[in-house]
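Working notes for the structure below.
The values are calculated or read from the model by the stated rules, or taken from the named source; none is laboratory data. Source: prediction; values computed, not measured. For neighbour counting, all protein chains shown are included, and Cβ atoms are generated from backbone atoms with ideal geometry for every residue, glycine included.
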Amino acid sequence: MKKTAFFLFLISFFVLVSCESDDILNVWENNVEADCSQASVNRHAFAYLKEWYLWYEHLPAVNPADYESLSAMISAIKYREGDTLIDRFSYAVKKAEHDDYYAGKRYGMGMSMQRDENNDIFITLVYPESPAGIAGLRRGQQLLAMNGVSVEELDENAAYNKEHRDDEDFEEKTDWNNVYDAENKGEAVQFKVLEHGDELETTVYLDDYTGKSVLADKILEYDGVKTGYIHFKAFINSSEDELNEVFARFKEENVEHLVLDLRYNGGGLVRIAHQLVNLIIGDKVKGDEIIKLIYNNKHSDQNYSYKGDVLKNSLSGIKKVAVIVSSGTASASEMVINSLTPYVEVALIGETTYGKPVGMNSKDICDQTIVPITFKYANSQDYGDFFLGMEPTCAATDDIKHDFGDEREGELAASLYFLSNGKCSSNAAVKSPKKRKTIEELIPIELKGMGKIDYSF
């Protein structure tokens, strides 16, 4: 029997991989025992947490050896306030998976899909140069069938298999779980899709590929103003060169407005967030402490500020930035928004963001990696209070029926309208402002030794 992992939510695993400070902290070293038993790994991970975890004072007294996996231990000891889980972010993963993510190493199709309000399935994202991209698949296409089996049949068969699996004479039908073999490198998966009323067929061959961080970029002319558009997916190692290439074109064309599409971006490396802010408004932030990292009171000597600077490809004279956001926009993405806000008019278009004004420093232990929350961050005005997320200026719904950069795509259209008119379009609702709660109300942690932060801004 074939088994498969249907890639409807291929990207979701790393939504919380965010804001790892990768260049300013000499991570506390401990001598890992020669044997890499799980008990040993857990003990060293717990020792690391007692030193570096932002909420180390709230760690429960446990025996790390009692947990069968590092993930199980992290899940059990993450900071809670009563029944409320405060630390939604810390996690553990295999070192190889962690390293591959930041190197952009991927396997599979290189795409994601989502159902609309009518239960139809649309391709929402395709990585350039991935197997799906090579096969000609792209965002906005409606899936009709896979390997000759229609979406309707796959749904019906899935329901049948679930209902009758325990029957004595049960014979499994082809459903989403077995329509192709995800573990078979080179597996051919036939797609039938609908695009602008035309049915198209193509074949995707599962393989390794490099996940780009820039999925689309364009220079648009809207109401006589040159506007740069970039869909930015992840803050990873390759992002530095990708961003430089895009912003070099934006600079050459003298764009005045910018649409920064972060709707699926769950974060990543702080240094890339720093670079992106400098590329957008380097002339406005030069010399300022635009990103401030604040560690626990055991390591306040590691508190660090990233300063603004004009880079080779920095834009000049950017007046307005529209940022497309969703509930999956987190951490380093929110860091960029937070850092831009004191200097330039920023409009958020879409949904309330995830809410993660904290970051991580990873620690490798044998073949595993622990990625706990180790610092908070703030902008040049010492603001970092958005544990409940950042609310949009104009509420809009992700338009999965149009490709990134298509001016007919709902959230891009709303962004262009706001940049041109200074208000939400008739198709986008204005969110009424709400009084922000202080961080002490949202998350009661001890701030001693962590620097003076004014969260009332």
Just for the stretch 269-285: of the residues that are within 20 Å of the chain's Cα centre (by Cα) and of a type in the set (Val, Ile, Thr), which one is nearest to Thr374 (Cα to Cα)? Val270
If I filter the stretch 174-210 down to residues being of a type in the set (Val, Ile, Thr) and not in a strand (DSSP E or B), which single residue comes out as farthest from Pro131 (Cα to Cα)? Thr174
Every residue in the stretch 158-194 that is touching a strand residue (DSSP E or B) at 6+ places or on another chain (Cβ under 8 Å) and either free of Cβ contacts under 8 Å to residues at least 40 places away in the same chain or not β-branched (Val, Ile, Thr) (or both), please. Thr174, Tyr180, Ala182, Lys185, Gly186, Glu187, Ala188, Gln190, Phe191, Lys192, Leu194
Among the residues of the stretch 292-320, what is the count of those that are part of a strand (DSSP E or B), of a type in the set (Val, Ile, Thr) and closer than 29 Å to Asp398 by Cα? 0
Taking the stretch 213-225, which residues are modelled with pLDDT under 95 and not aromatic (Phe, Trp, Tyr)? Glu221, Asp223, Gly224, Val225
Considering only the stretch 66-96, state which residues are more than 23 Å from Gly266 (Cα to Cα), in contact (Cβ under 8 Å) with a residue 24 or more places away in the chain and surrounded by fewer than 15 Cβ atoms within 10 Å (Cβ to Cβ). Glu68, Ser69, Glu81
So which residues in the stretch 34-68 are under 18 Å from Asp87 (Cβ atoms) and touching a helix residue (DSSP H, G or I) at 6+ places or on another chain (Cβ under 7 Å)? Asn42, Ala45, Phe46, Leu49, Lys50, Tyr56, Leu59, Pro60, Val62, Pro64, Tyr67
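Yes/no per residue for (1) closer than 21 Å to Ala330 by Cβ; (2) in contact with an Asp or Glu (Cβ under 7 Å, 6 or more places away or on another chain):
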| residue | (1), (2) |
| --- | --- |
| Ala216 | yes, no |
| Ile219 | no, yes |
| Lys226 | no, yes |
| Ala234 | yes, no |
| Asp241 | no, no |
| Val246 | no, yes |
| Glu256 | no, no |
| Val259 | yes, no |
Pairs please, first residue from the stretch 403-417 and farther than 14 Å from Val325 by Cβ and assigned by TED's automatic domain parsing to the domain that holds Pro392, second anywhere and surrounded by fewer than 20 Cβ atoms within 10 Å (Cβ to Cβ) and aromatic (Phe, Trp, Tyr), Cβ atoms under 6 Å, 6+ apart in sequence or on different chains. Leu416/Tyr222
Within the group Ile324, Ile294, Ile349, Ile370, which residue is farther than 14 Å from His274 by Cβ and not assigned by TED's automatic domain parsing to the domain that holds Leu269? Ile370
Say whether the condition of being surrounded by fewer than 24 Cβ atoms within 10 Å (Cβ to Cβ), at pLDDT 95 or above and of a type in the set (Val, Ile, Thr) is met by at least one residue in the stretch 307-326. yes
So in the stretch 321-378, with the set limited to residues that are in a strand (DSSP E or B) and among the hydroxyl-bearing types (Ser, Thr, Tyr), which one is farthest from Gly410 (Cα to Cα)? Thr369
Based on what the data block shows, is Asn265 outside any helix (DSSP H, G or I), more than 19 Å from Val214 (Cα to Cα) and either charged (D, E, K, R) or in contact with a Ser or Thr (Cβ under 9 Å, 6 or more places away or on another chain) (or both)? no
Starting from residues that are in a helix (DSSP H, G or I) and out of contact with any Phe, Trp or Tyr (no Cβ under 6 Å at 6 or more places or on another chain), keep the ones in the stretch 421-448 and report whichever is modelled with the highest pLDDT. Asn421
So is Ile77 aliphatic (A, V, I, L, M) and either assigned by TED's automatic domain parsing to the domain that holds Thr203 or more than 23 Å from the chain's Cα centre (by Cα) (or both) or not? yes
